[in-house]
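As structure tokens, the structure follows; a few thoughts come after it.
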Amino acid sequence: MDRSDRSVAMGVSMSASRRVISVLSLALPLAIYAERASAEIKICNNFSQTVYFSIGYAQPGYDSFMSRGWLILNPNGGCDQFDSALHLSVFWYYAETNSYYVRKHVRNMNTWGAVHPDKQLWVAQHSFNIIDNPGMGRPSDPGAKLVGFTKSIEASGSELNETLTIEADGINVTQSIKNDSQ
């Protein structure tokens, strides 16, 4: 085999191997995406008031938590996914309404997550992403406050695919996990 025959033979095998590599490089991310596509954290509000929802989660590889908010949920059935980029096995939550009148001269504000909290994290008045390191002082936002967050259902050995619903009674929260087989 002379030099030109080898280059043609190598060109064919190189071209075929490039196609295999191209197909694999496309297939691998799609397979990973398909595996992760089912992971979501969906929040629903069946209460009669707008609900402001925040989430807290451990930062992998760090000794800290991140608290983020506010996801604004419309009253009477408003649902939204918190962040499609999050792939967690557990999270903590805190939610609140604005103050509203229940009758003349009587105002109420509902909160969820703070009654029997599992963790204390910071929230702010406006949209926020707060890294909560041990020993960290108060965030720079003047409206920031430390509140109790309640732990969600925990997925064992996989990413969470959960729907958390604030119920119409303004008190209860229901949580359900969807399995990949559902």
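For the ranges 155-165, 78-88, 96-106, what's the packing order if you count other beta-carbon atoms within 10 Å of each residue, average per peptide, and put the highest first?
Listed from highest to lowest mean packing, they are 155-165, 78-88, 96-106.
Mind giving me the nanometre distance, one decimal, between the label points for ASN98 and ILE177, set 7 Å out from Cα along Cα→Cβ?
That separation, rounded to one decimal, is 3.7 nm.
Return the long-range amide H neighbours of ASN110 (sequence gap of 5 or more, or a different chain), with a cut-off of under 5 Å between placed amide H atoms.
Residues meeting the amide H criterion: THR97.
Residue by residue through the stretch 137-146, which ³J(HN,Hα) values in whole Hz follow from phi under the Karplus form 6.51 cos²θ - 1.76 cosθ + 1.60 (θ = phi - 60°), with glycine and proline marked x?
Computed from phi, the couplings for the stretch 137-146 are x, 5, x, 6, 5, x, x, 5, 9, 8 Hz.
As a test of the definition: which semi-axes, in Å, follow for the stretch 74-160 when you take the square root of five times each eigenvalue of its alpha carbon gyration tensor? Largest first, please.
Taking √(5λ) for each Cα gyration eigenvalue gives 25, 20, 13 Å.
For the stretch 43-182, what % of the accessible area comes from carbon and sulfur atoms, probe 1.4 Å?
Its accessible area is 47 percent carbon and sulfur atoms.
Please give the contour-minus-distance gain from THR111 to ALA144: 0.36 nm per residue of separation, less the Cα-Cα distance, rounded to one decimal in nm.
Numbers: separation 33, 0.36 × 33 = 11.88 nm, distance 1.59 nm.
Stretched out fully, the THR111 to ALA144 stretch lengthens by 10.3 nm.
The values are calculated or read from the model by the stated rules, or taken from the named source; none is laboratory data. Quick caveat: nothing in here was measured; it's all calculated off a predicted structure. Using ideal geometry, Cβ is built from the backbone for each residue, glycine included, and neighbour counts are taken over all protein chains shown. These area figures cover heavy atoms from the full protein model, side chains too; ligands, DNA and RNA do not enter into them. Shrake-Rupley method; radii C 1.70, N 1.55, O 1.52, S 1.80 Å.
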